[in-house]
1. Which one of these is out of contact with any Asp or Glu (no Cβ under 9 Å at 6 or more places or on another chain), at pLDDT below 95, not acidic (Asp, Glu) and not in a helix (DSSP H, G or I): 92, 54?
2. So, in the range 235-255, of the ones that are free of Cβ contacts under 8 Å to residues at least 60 places away in the same chain and either β-branched (Val, Ile, Thr) or not in a helix (DSSP H, G or I) (or both), which residue ends up farthest from residue 103 (Cα to Cα)?
3. Look at the range 122-152 and say how many of its residues are surrounded by fewer than 18 Cβ atoms within 10 Å (Cβ to Cβ), farther than 20 Å from residue 286 by Cβ and β-branched (Val, Ile, Thr).
4. When the range 216-256 is examined, which residues are found to be closer than 9 Å to residue 188 by Cβ and under 16 Å from the mean Cα position of the chain (by Cα)?
5. Is there a residue in the range 19-34 that is part of a loop (DSSP other than H, G, I, E, B), open to solvent by 20 Å² or more (accessible area, probe 1.4 Å), touching a helix residue (DSSP H, G or I) at 6+ places or on another chain (Cβ under 9 Å) and over 19 Å from residue 172 (Cβ atoms)?
6. Before we move on, is residue 106 assigned to a strand (DSSP E or B) and either touching a residue at least 12 places away in the same chain (Cβ under 8 Å) or over 12 Å from the mean Cα position of the chain (by Cα) (or both)?
7. I'd like the residue in the range 70-89 that is in a loop (DSSP other than H, G, I, E, B), open to solvent by 10 Å² or more (accessible area, probe 1.4 Å) and in contact (Cβ under 8 Å) with a residue 60 or more places away in the chain and, out of all such residues, is nearest to residue 109 (Cα to Cα).
8. For the range 214-234, state whether one or more residues are of a type in the set (D, E, K, R), loosely packed, with under 11 Cβ neighbours inside 10 Å and in a helix (DSSP H, G or I).
Amino acid sequence: MSTQVTIIGLGQIGASLGLALSDHKDDMKRVGHDLDIVIARQAEKLGAIDRVAVNIPSAVEKSKVVLLSLTSDQVLETLELIAPYLPEGCVVLDTAPIKQAVFAWIQELLPPERFYVGLIPVINPVYLDDDKTGQEAARADLFQNGLMAIAAPPSTHPDALQLASDLTRLIGASPLFVDPVEIDGLMASTHNLPQLLASALVNSTVNNPGWRDGRKIAGRAFAQSTKLTAYLDNAGSLSEAAVSNPENTIRVLEGAIASIRSYITDIENSDRASLEARLEAAQKGRQQWWAERQSSDWLSMDGIPKVEYPTPTSIFGRLIGMGRKSKSKK
């Protein structure tokens, strides 16, 4: 008997998750839901899901696993909608770039004997330069040679954690267990900060009186530095990610401001050597990161042995009776 897995949100990550699981259709039934029915139907045509659910109750009421692949500003409202319909023993996974805030919402909204694990997908390095967005950027191998950061509250059922780890390996990624406080700090610096700086650069130039002529000569440097404003989070999602993770976001913004001030000091003092050293350090740091990220051989670097991929049967077998097991311990 196949296990129902529901994917809510069928953009790049959600559709890619469905495509990555397409080789296991005999063991699972992939149900998909999206606010935009056109996107949901297109995901079905792509083979990312087996069936479209047009409303929330029909999407989750028979699911053993619910994957939320949503922008940060959609998570709370969606949790409020699905919570009353989640069956006992269901595991909810989400891929939003904030975790402590989602934990708080989960504790408030999820009924007893429903379980939660947070995920942060780190995609295949082949696609880091891909300018496509949304469902157009969905790939069956999006997670191959990548990582999946897994964060969960301390009281999380061990079978739910194992499920998240096994699903991660099933889609070709390696699990990385992280502390939710730590991952929120890392996401503030690697996800929020680049986009906030790009938007600040745009606002500081296009609102300048000189932009009337500046727009005519702005070239590759401006285009590359500001492209994040067009290709990643929408304004509502980035705003939610920043405001829901305020301490970390403010900390990394202040760090960036301090770095910019050091440039200002060097320029004011005509200290070419100091400024050049800072710029060269940035170039080398970026080159080293890019080479390591393209390799993505983190397991070997950290001396961690590889493990065999699980089978869908073994993964979903652990879900049977999870809720009943928890009750029997009370």
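The values are calculated or read from the model by the stated rules, or taken from the named source; none is laboratory data. No experiment lies behind these values; they were computed from the predicted model shown. Here the Cβ is made from the backbone with ideal geometry for all residues, glycine too, and neighbour counts use every protein chain on show. Note: accessible area is taken over every heavy atom of the protein model, side chains too, but ligands, DNA and RNA are not part of it. Shrake-Rupley method; radii C 1.70, N 1.55, O 1.52, S 1.80 Å.
1. Testing whether each residue is out of contact with any Asp or Glu (no Cβ under 9 Å at 6 or more places or on another chain), at pLDDT below 95, not acidic (Asp, Glu) and not in a helix (DSSP H, G or I) leaves just 54.
2. Top of the filtered list is 250.
3. Selection size over the range 122-152: 1.
4. 241, 242, 245
5. Within the range 19-34, one or more residues are part of a loop (DSSP other than H, G, I, E, B), open to solvent by 20 Å² or more (accessible area, probe 1.4 Å), touching a helix residue (DSSP H, G or I) at 6+ places or on another chain (Cβ under 9 Å) and over 19 Å from residue 172 (Cβ atoms).
6. no
7. 88
8. The answer is yes; a qualifying residue exists.
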